[in-house]
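Input: a single structure, listed below in structure tokens.
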Amino acid sequence: MIKEYCSIVHSPIGDVSIFADERAVNTISFLQSAKADLKENDHTYQAAAELSAYFDGSLQAFTFSEKQPGTVFQQGVWQALKTIPYGTTLSYAGLSAQLENPLAIRAIAAANGKNNLAIVVPCHRVIGSSGKLVGYAGELWRKQWLLNHEREISQQGQLLLNF
């Protein structure tokens with residue numbers, strides 16, 4: 001039986017639940033709430049500290065152990081998401097071109113939607129080709145906040161004001 005651990009980060013955009021097993025963090029979510037009987041471990045504790053630093057603007061890259069289950073294709077999409085620089089965005093078309101698979105935009109979007117590591121695997125940095133904010137499991141207002149936060153900290157330009 002795999003043991004599960006949990007930490008909660010109170011953030012400006014709501015509580016963030018961090019779940020891990022004994023090896024790595026496997027879920028970071030705005031939507032899942034912690035079970036009262038779950039305790040923290042070193043992985044959730046470190047992830048919580050790093051996410052708190054992200055929210056206060058002093059951290060731009062995460063170093064804690066993380067692993068989420070997924071297909072080879074999904075893992076490739078999630079790795080590509082991690083290459084999108086802090087404070088910037090990329091369209092789904094741009095992401096599909098980066099993955100050298102221009103006809104897979106829908107499959108890439110589906111893989112993006114299955115990402116279980118919110119913020120850390122920065123699916124919030126992917127936007128529509130028109131520049132509009134589209135599709136975010138944590139709700140579009142959070143996506144807008146995250147992008148604005150990163151742009152403000154990194155001084156990468158104007159705040160986003162479009163859904």
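The values are calculated or read from the model by the stated rules, or taken from the named source; none is laboratory data. Computed from a predicted model, the values in this text were never measured in an experiment. Because the Cβ atoms are built from the backbone with ideal geometry, glycine has one as well, and the counts that use them run over all protein chains shown. Please note that ligands, DNA and RNA were not included when accessible areas were found on the heavy atoms of the full protein model with its side chains. Shrake-Rupley method; radii C 1.70, N 1.55, O 1.52, S 1.80 Å.
In this structure, Tyr45 and Ser129 have a Cβ-Cβ separation that, at R0 = 30 Å, corresponds to a calculated FRET efficiency of about 0.15. For the pair Ala110 and Lys82, label points projected 7 Å from Cα toward Cβ lie 2.4 nm apart. Computed on protein heavy atoms with a 1.4 Å probe, the accessible areas place Phe62, Phe73, Phe19 in the order Phe73, Phe62, Phe19, largest first. Of the GluC sites (Glu not before Pro) in the stretch 68-163, which ones lie in a loop per DSSP and count no more than 13 other C-beta atoms within 10 Å? Those that pass, being in a loop and sparsely packed, are Glu100, Glu139.
Suppose every Lys and Arg Cβ carries +1 and every Asp and Glu Cβ carries -1, with no other charges. What dipole size does the chain come out with about its Cα centre, to the nearest 20 debye?
Values: 13 positive and 14 negative charges, 107 e Å.
With Lys and Arg at +1 and Asp and Glu at -1, about 520 debye.
Contact order, relative form, for the chain: 20 percent (alpha carbon pairs under 8 Å, 6 or more residues apart, mean separation divided by residue count). Two numbers describe the Cα atoms of the stretch 72-154: Rg and Dmax, which are 11.7, 34 Å. In the stretch 40-107, if the dipole is taken from +1 on Lys/Arg beta carbons and -1 on Asp/Glu beta carbons about the Cα centre, which of Ala47, Pro69, Leu103 is farthest to the positive end? The one lying farthest along the dipole's positive direction is Leu103. Normalised size of the stretch 5-56, defined as Cα radius of gyration per 2.2 N^0.38 Å with N residues, equals 1.01.
Taking 24 Å as the limit for the C-alpha separation, the pairs Lys114/Lys143; Lys39/Lys143; Lys39/Lys82; Lys82/Lys114; Lys82/Lys132 exceed it in the case of Lys39/Lys143; Lys39/Lys82. Distances between every pair of Cα atoms in the chain, grouped in 10 Å steps from 0 to the bin holding the largest one, split as 11, 40, 36, 13, 1 percent. Per-residue 3J(HN,Hα) values for the stretch 130-144, derived from phi via the Karplus relation 6.51 cos²θ - 1.76 cosθ + 1.60 with θ = phi - 60°, read 7, x, 7, 6, 9, x, 8, 4, x, 5, 4, 5, 5, 4, 4 Hz in sequence order (x marks Gly and Pro).
Taken along the Cα-to-beta-carbon direction at a fixed 7 Å, the label points for Asn148 and Ser29 span 2.7 nm.
Computed from label points 7 Å out along Cα-Cβ, the spacing between Gln98 and Met1 is 4.1 nm. For the stretch 72-154, the relative contact order is 37 percent, taking Cα pairs closer than 8 Å that sit 6 or more residues apart in sequence and dividing their mean separation by the residue count.
Between the alpha-carbon centers of the stretch 58-87 and the stretch 11-53, tell me the distance in whole angstrom. After rounding, the separation between the Cα centres reads 16 Å.
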